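Written out below as structure tokens is the structure these notes cover.
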Amino acid sequence: MDGFYERTTKDSINIDPLQTGGKLSEAARRALVEWGDGYSVCDFCPGTLDQIKTPPIYNFIHEELPEFLGCDVARVTNGAREGKFAIMHGVSSSYKCEKKAVVMDANAHYSSYVAAERAGLKVLLVPNSGYPEYKMDPEGYSEAIDSNDDVALALVTYPDGNYGNLPDVRKIAKICRKKGVPLLLNAAYAVGRMPVKMKELGADFIVGSGHKSMASAGPVGVMGMKEEFADLILRKSERHPAKEVELLGCTARGVTIMTLIASFPHVKSRIKKWGKEVEKARYFSKQVERFGIIQLGEKPHNHDLMFFESEILYNISKKAKGGRFFLYRELKKRRIHGIKPGLTRYFKLSTYGLRKEEIEYVINSFEEIISKYTKTAENN
Ligand SMILES: *Cc1c(COP(=O)(O)O)cnc(C)c1O
């Protein structure tokens with residue numbers, strides 16, 4: 001069993017967008033051991049998670065988190081998707097609302113669809129602009145909402161998890177407000193990486209992901225809303241009056257919330273350096289485009305998650321030993337992890353949190369790999 005405890009990729013340079021923002025802070029690493037036992041946070045629970053004063057969960061959920069998210073009321077969930085489901089279900093299944101459709105952007109994450117399906121909502125998609133930028137036109141929300149009398153909620157993905165595009169939420173929010181449809185901001189790739197304030201952007205709900213973007217062990221997430229929706233989304237059980245129904249009474253009841261809280265000072269300070277992260281991403285994109293790895297999505301880019309199209313790597317893969325797995329192997333040899341095995345033509349990556357030298361190293365590695373294989377081809 002020795003090998004079981006060892007994670008072979010942990011000393012690599014990690015460019016997997018899923019993983020770059022979830023690396024634990026030192027404080028969270030300590031919390032992980034200290035609070036690892038099952039229901040460790042429940043020693044002094046008065047009946048609901050958010051009311052626990054020791055450890056300081058109450059303060060986190062009722063003071064720090066709403067301020068951070070720019071909302072009135074916040075909760076900790078088991079992930080962004082659990083937050084989306086709670087909101088969709090709360091909004092739509094409530095006796096106050098007979099509406100049964102949700103409008104969302106074409107770049108929405110699969111978990112938004114699945115949450116809608118589970119909540120029994122029909123999904124109406126707002127199209128993107130297509131190749132190469134895949135941008136969202138806010139006016140599309142207007143059309144989608146008008147196309148159906150049954151719209152209970154709109155959702156926008158900020159940024160989306162494929163191209164890393166940041167849609168104009170303020171404009172979308174204005175449209176939704178005019179039509180009387182509340183707006184949910186799916187900020188799984190934003191909260192904890194970059195500054196984002198729900199109310200400043202005009203949204204009514206926000207969700208974030210602890211294990212994706214808040215340097216936490218997962219699964220854990222955050223959810224925020226305007227005061228006016230709190231009764232609806234956080235309504236209490238008839239039989240168990242302390243328990244919130246949409247949260248099934250309790251959410252992150254153990255070590256995950258403790259890593260979230262432990263990393264919070266680190267997260268608050270790192271979002272101040274967001275400008276540098278965007279600079280690094282743009283630099284990376286510009287450099288790799290020199291050798292035919294072309295960035296799709298918004299340009300210039302505004303996020304560390306980037307999607308690339310690379311005919312050159314694809315062409316190499318047709319002839320290389322090991323076929324389409326050549327890229328994964330070459331990167332692995334150089335201790336670079338995060339592009340899925342087998343991908344060459346289209347892939348995404350993230351430069352979040354990488355040091356300048358690491359970015360240079362990754363750029364040079366791509367250049368080296370391409371030149372190695374194009375040379376071999378010429379010699380043949
Ligand atoms: C990763 C991701 C999610 C899922 O987050 P969980 O916290 O794992 O549920 C949702 N939306 C987007 C856009 C994502 O990229």
Just report the Cα centroid separation between the stretch 295-345 and the stretch 228-279, whole Å. 35
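Chymotrypsin sites (Phe, Trp or Tyr not before Pro) within the stretch 287-335: which are DSSP loop residues with at most 13 other Cβ atoms inside 10 Å?
Here no loop site has a sparse enough neighbourhood.
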³J(HN,Hα) across the stretch 251-267 via Karplus (A = 6.51, B = -1.76, C = 1.60, θ = phi - 60°), whole Hz, x for Gly/Pro? 10, 7, 9, x, 4, 4, 5, 6, 5, 4, 5, 5, 7, 4, x, 4, 5
Please count, across the stretch 173-266, the pairs of lysine residues with Cα atoms under 28 Å apart that sit 8 or more places apart or on different chains. 21
If amide hydrogens are placed 1.01 Å from N in the peptide plane, which non-local residues have theirs closer than 5 Å to the one on residue 105? 126, 155, 157
What stretch of the chain, leaving out the sites themselves, is the longest with no GluC sites (Glu not before Pro) in a DSSP loop having at most 12 other Cβ atoms within 10 Å? 239-380
Quick one: which residues, 5+ away or cross-chain, put their amide H under 5 Å from the amide H of residue 346? H built at 1.01 Å from N. 310
Report, to the nearest 10°, how far helix 80-93 tilts away from the longest principal axis of the Cα atoms in the chain, using its own Cα long axis and a range of 0 to 90°. 40
With all protein chains present, calculate the accessible area of residue 212 using a 1.4 Å probe and round the result to the nearest 10 Å². 30
Quick one: how many lysine pairs in the stretch 1-130 have C-alpha atoms under 22 angstrom apart, if they're 8 or more apart or on different chains? 8
May I ask you to give the percent of accessible area on the stretch 180-249 that is carbon plus sulfur, with a probe radius of 1.4 Å? 52
Tell me, what is the percent relative contact order of the stretch 238-380, built from C-alpha pairs under 8 Å that lie six or more residues apart? 21
Counting heavy atoms of the protein chains only and a 1.4 Å probe, report the per residue accessible area for the chain as a whole number of Å². 48
Quick check on the chain: of the DSSP beta bridges with both residues there, what percent are antiparallel, nearest 5%? 50
How large is the charge dipole for the chain, taken about the Cα centre, if only the Cβ atoms of Lys, Arg (+1) and Asp, Glu (-1) carry charge, to the nearest 20 debye? 940
Using the Cα gyration tensor of the stretch 57-167, with a ≥ b ≥ c the square roots of its eigenvalues, what is the shape: rounded (a/c below 1.5), prolate (a/b larger than b/c) or oblate (neither)? oblate
Anisotropy class of the stretch 1-111 from Cα gyration tensor, a/c 1.5 cut: oblate
Which of rounded, prolate, oblate describes the chain, given a ≥ b ≥ c as roots of the alpha-carbon gyration tensor eigenvalues and a/c under 1.5 marking rounded, otherwise prolate only if a/b is larger than b/c? oblate
If amide hydrogens are placed 1.01 Å from N in the peptide plane, which non-local residues have theirs closer than 5 Å to the one on residue 52? 58
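The values are calculated or read from the model by the stated rules, or taken from the named source; none is laboratory data. These numbers come from a predicted model, not from an experiment. We place every Cβ from the backbone using ideal geometry, glycine too, and count neighbours over all the protein chains shown. Only protein heavy atoms, including side chains, enter the accessible area calculation; ligands, DNA and RNA are left aside. Shrake-Rupley method; radii C 1.70, N 1.55, O 1.52, S 1.80 Å.
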